[in-house]
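Reading through the structure tokens given below for one structure.
The values are calculated or read from the model by the stated rules, or taken from the named source; none is laboratory data. No experiment lies behind these values; they were computed from the predicted model shown. Cβ atoms come from the backbone with ideal geometry, glycine included; neighbour counts cover every protein chain shown.
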Amino acid sequence: MDFNTDYDYLFKILLLGDSSVGKSSIMLRYTDNSFVSGYIATIGVDFKIRTINIDNKKVKLQIWDTAGQEKFRTIVRSYYRGTKGIILVYDITNVETFNNIKSWVKEIDTYGENVENLLLVGNKNDLESKRQVTTKMGQKLAEELGVAFFETSAKNDTNIEPAFFGLAKKIKETE
Ligand code: GDP
């Protein structure tokens, strides 16, 4: 008897970055196609699931939010366990969250278990008038880190699909 027929692959994906950059919003946009303006401390879950099709395979994505832990500037080791891909998120209207990306990368180097697939995301690109981080700065950092890069808006649903799809496809190719 085969109990595992509902998917071909299961990938754990972790959203990392400073508090308030929009990690929960990105997760909810992708898994529920919803957006909440205001603080989302109420979700109360560690992860959400979405299953997609890649090259005729069912790929189940288990997407982990950091549930407020980033306020302590560190994510507990258990969050990294089994992680196949990480989305590093900053807020284009807050340069400090961009400058902190490098410390998140350091944490991944310390705790991540051979996570090869990283993606850099500059979120809130609907707020052009408040922009502090140029697209060029994001591209340059992504190049330095050797990772793919997207600017997104969880609010307007900009680039959320391509970001997750691109990462999932890359993970699948390295499986
Ligand atoms: P987290 O702490 O990183 O999980 O951030 P949240 O998802 O809780 O978002 C923090 C705040 O930013 C909330 O008020 C969200 O409504 C808002 N927010 C998140 N994404 C966007 C976005 O793409 N555009 C705009 N304008 N606001 C956003």
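Any chance you could count how many residues in the stretch 100-114 are within 16 Å of the ligand (Cβ to nearest atom) and surrounded by 13 or more Cβ atoms within 10 Å (Cβ to Cβ)?
First, the residues of the stretch 100-114 that are within 16 Å of the ligand (Cβ to nearest atom): 100-101, 103-104, 107.
Still in the running and surrounded by 13 or more Cβ atoms within 10 Å (Cβ to Cβ): 100-101, 104, 107.
Of the residues in the stretch 100-114, 4 are within 16 Å of the ligand (Cβ to nearest atom) and surrounded by 13 or more Cβ atoms within 10 Å (Cβ to Cβ).
When the residues of the stretch 52-98 are filtered to those that are within 14 Å of the chain's Cα centre (by Cα) and more than 16 Å from the ligand (Cβ to nearest atom), the one that is surrounded by the fewest Cβ atoms within 10 Å (Cβ to Cβ) is Gln62. Scanning the stretch 115-152 for residues that are over 24 Å from Tyr80 (Cβ atoms), assigned to a loop (DSSP other than H, G, I, E, B) and away from the ligand (no atom under 16 Å from the Cβ) yields one hit, Thr134.
As a summary of the residue check, Lys106 satisfies the conditions (1) modelled with pLDDT under 95; (2) on the phi > 0 side of the Ramachandran plot except for the one numbered (2).
Those residues that are touching a residue at least 24 places away in the same chain (Cβ under 8 Å) and either touching a Pro at 6+ places or on another chain (Cβ under 6 Å) or over 13 Å from Ser25 (Cα atoms) (or both), I need them from the stretch 136-158; list them, please. Give the derivation first.
Residues of the stretch 136-158 that are touching a residue at least 24 places away in the same chain (Cβ under 8 Å), as a first pass: 137-138, 141, 145, 147-158.
Correct list: Met137, Gly138, Leu141, Leu145, Val147, Ala148, Phe149, Phe150, Glu151.
So, Lys172, is that one touching a residue at least 12 places away in the same chain (Cβ under 8 Å) and more than 16 Å from the ligand (Cβ to nearest atom) or not?
Answer is yes for this residue.
Taking the condition of a type in the set (Lys, Arg), modelled with pLDDT of 90 or more and closer than 26 Å to Ala142 by Cβ, does Lys58 pass?
Working: of a type in the set (Lys, Arg): yes; modelled with pLDDT of 90 or more: yes; closer than 26 Å to Ala142 by Cβ: no.
Criteria not met by Lys58.
Is it true that some residue in the stretch 68-81 is within 20 Å of Lys124 (Cα to Cα) and modelled with pLDDT of 95 or more? Checking the stretch 68-81: not a single residue is within 20 Å of Lys124 (Cα to Cα) and modelled with pLDDT of 95 or more.
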